[in-house]
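A.B. asks: Would you mind keeping the following structure in view while I ask a few things?
The values are calculated or read from the model by the stated rules, or taken from the named source; none is laboratory data. Just so we're clear, the structure is a prediction, and the values are computed from it rather than from any experiment. Note: ideal-geometry Cβ built from the backbone for every residue, glycine included; neighbour counts use all protein chains shown.
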Amino acid sequence: MSIILAAVGAYLVGCVPTGPLSERLLSERSWKHLAAQLADFLKGVAAVALLTPPGPWSQALTATAVVAGHLYPITGRVERGLGLATAAGAVSVISPVTPAVWAFLWALAFVLSGFHPVACAVATIFFGPAMGYVAGWPLGAMALPACVMIFDRLRPGLRRVMLGTEPRHAWRR
């Protein structure tokens, strides 16, 4: 029962629109987008650190629930972004090494392709196996629903890459 309550609580924490709130509060600042990402990261950290009972299955379920709350909130008002910051925050509590592996995969794909959506897709595809290898296979298996939700948000960007309308990074043009 505590696992279900933790997942519901994490979903509700994920529903809090931290990104838009921080951008609205810092509307005149040039670093407002960075603050929004940090707020989303801390939302993932708080959900898993404060609500999760011990055990790999409950940790992974809570991390998935906070990402689900971020991407598909109960209010129906969907935030911008892919949910990567929230997922990285949630996972960093479970295994601090895993976000570094995810960032390495993202950076490698970004350097090779020059496209942000492609880098996110590659990192998301390999995130489950990487987390399974680093933190244990139950966590890797439970990361897959979060990866599917993030990949769903990547579809428009990947479509723009395939149509040739997505701009490459400046150094890859």
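A.B. asks: When VAL134 is evaluated against the numbered criteria (1) over 21 Å from ARG153 (Cα atoms); (2) out of contact with any Ser or Thr (no Cβ under 8 Å at 6 or more places or on another chain); (3) among the β-branched types (Val, Ile, Thr), which criterion, by number, is the only one it fails?
C.D. replies: (2)
A.B. asks: Also: Only residues that are at pLDDT 85 or above and under 15 Å from ALA87 (Cα atoms): list them for the range 145-173, please.
C.D. replies: Of everything in the range 145-173, those that are at pLDDT 85 or above and under 15 Å from ALA87 (Cα atoms) turn out to be PRO145, CYS147, VAL148, MET149, ILE150, PHE151, ASP152, ARG153, LEU154.
A.B. asks: How many residues does the range 35-86 hold that are under 17 Å from ALA6 (Cβ atoms) and assigned to a helix (DSSP H, G or I)?
C.D. replies: Within the range 35-86, residues that are under 17 Å from ALA6 (Cβ atoms) and assigned to a helix (DSSP H, G or I) number 25.
A.B. asks: Ok, one more. For the range 77-96, indicate whether the set of residues that are in contact (Cβ under 8 Å) with a residue 60 or more places away in the chain, more than 30 Å from VAL118 (Cβ to Cβ) and surrounded by 13 or more Cβ atoms within 10 Å (Cβ to Cβ) is non-empty.
C.D. replies: No, every residue in the range 77-96 fails to be in contact (Cβ under 8 Å) with a residue 60 or more places away in the chain, more than 30 Å from VAL118 (Cβ to Cβ) and surrounded by 13 or more Cβ atoms within 10 Å (Cβ to Cβ).
A.B. asks: I'd like to know if the range 144-154 contains one or more residues that are of a type in the set (Val, Ile, Thr), surrounded by 12 or more Cβ atoms within 10 Å (Cβ to Cβ) and closer than 16 Å to THR98 by Cβ.
C.D. replies: Yes, because at least one residue in the range 144-154 is of a type in the set (Val, Ile, Thr), surrounded by 12 or more Cβ atoms within 10 Å (Cβ to Cβ) and closer than 16 Å to THR98 by Cβ.
A.B. asks: Here is a check on your reading of the model: is ALA103 buried (at least 17 other Cβ atoms within 10 Å of the Cβ), among the aliphatic types (A, V, I, L, M) and either in a helix (DSSP H, G or I) or modelled with pLDDT under 90 (or both)?
C.D. replies: For ALA103, the condition - buried (at least 17 other Cβ atoms within 10 Å of the Cβ), among the aliphatic types (A, V, I, L, M) and either in a helix (DSSP H, G or I) or modelled with pLDDT under 90 (or both) - is not met.
A.B. asks: Determine whether ARG160 is surrounded by fewer than 20 Cβ atoms within 10 Å (Cβ to Cβ), over 19 Å from the mean Cα position of the chain (by Cα), assigned to a helix (DSSP H, G or I) and of a type in the set (Lys, Arg).
C.D. replies: Criteria met by ARG160.
A.B. asks: Look at THR165 and say whether it is of a type in the set (Ser, Thr, Tyr), in contact (Cβ under 8 Å) with a residue 60 or more places away in the chain and either under 22 Å from VAL8 (Cα atoms) or not in a helix (DSSP H, G or I) (or both).
C.D. replies: No: the conditions fail for THR165.
A.B. asks: Please go through the range 17-34 and give me each residue that is surrounded by 11 or more Cβ atoms within 10 Å (Cβ to Cβ) and part of a loop (DSSP other than H, G, I, E, B), ordered by number.
C.D. replies: Correct list: PRO17, LEU26, ARG29.
A.B. asks: Taking the conditions exactly as written (at pLDDT below 85 and buried (at least 21 other Cβ atoms within 10 Å of the Cβ)), does ALA60 satisfy them or not?
C.D. replies: So ALA60 fits the description; yes.
A.B. asks: To continue, here is another question. Can you pull out the residues in the range 22-73 that are within 22 Å of ALA146 (Cβ to Cβ) and aromatic (Phe, Trp, Tyr)?
C.D. replies: Listed by number, the residues that qualify are PHE41, TRP57, TYR72.
A.B. asks: Determine which member of the set GLY44, GLY76 is over 13 Å from TYR11 (Cβ atoms) and out of contact with any Phe, Trp or Tyr (no Cβ under 8 Å at 6 or more places or on another chain).
C.D. replies: That would be GLY76, the only listed residue that is over 13 Å from TYR11 (Cβ atoms) and out of contact with any Phe, Trp or Tyr (no Cβ under 8 Å at 6 or more places or on another chain).
A.B. asks: I've got another one for you. For the range 88-126, give me each residue that is farther than 24 Å from PRO138 by Cβ and polar (S, T, N, Q).
C.D. replies: SER113
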